[in-house]
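Here the structure is laid out as structure tokens; the discussion comes afterwards.
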Amino acid sequence: MRKYTFALLSFFMAATVLTTSCRQLHREENMGDTVAASLFEPADTSIAQAKTAKKKVVVRDSVGLYYIGFGSTHELLQLVSYPSRRDTLVFSKARHLRVNGNADYDHIVHPTFFVLKTGDSIVSRLDEWKPIQP
């Protein structure tokens, strides 16, 4: 009988410890309206948009004139837009690339393109362009 009472008593003690400890860990809070609604209003972006609109500058590149980029290899030709250097194009070279003038790195050239049957464009000719200096 003593074993049964001990088991029953330990069961009740364990049940009371578990139920009271869970209540202490989980406190019930009434959240309600704790944050002001003005904090959730969207920010006014018209000022930021006006500042960025002023910063936009139209850059006019010369059509058909490019710098020879430093990424050019034996098979590929990197063309960088002239004079802004903002755009970069990479083309394959033709088997026999004809060059008039100097086509080293960082020289200004006018490329002539050849369109293949597949629709790809390759560079077939480079003409150096020297700007007129006053």
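A few remarks follow.
- The lone criterion from (1) surrounded by 10 or more Cβ atoms within 10 Å (Cβ to Cβ); (2) modelled with pLDDT under 90 left unmet by F91 is number (2).
- Selection count, the stretch 117-131, where residues are open to solvent by less than 60 Å² (accessible area, probe 1.4 Å) and assigned to a loop (DSSP other than H, G, I, E, B): 2
- Checking each residue in the stretch 101-116 for being more than 22 Å from S84 (Cα to Cα), in contact (Cβ under 8 Å) with a residue 12 or more places away in the chain and either open to solvent by less than 80 Å² (accessible area, probe 1.4 Å) or among the aliphatic types (A, V, I, L, M) (or both) picks out only G101.
The values are calculated or read from the model by the stated rules, or taken from the named source; none is laboratory data. What you see is a predicted model; the values in this text were computed from it and never measured. Positions of Cβ are generated from backbone atoms using ideal geometry, with glycine treated the same way; all protein chains shown enter the neighbour counts. What goes into the accessible areas is simple: the full protein's heavy atoms, side chains included, and nothing from ligands, DNA or RNA. Shrake-Rupley method; radii C 1.70, N 1.55, O 1.52, S 1.80 Å.
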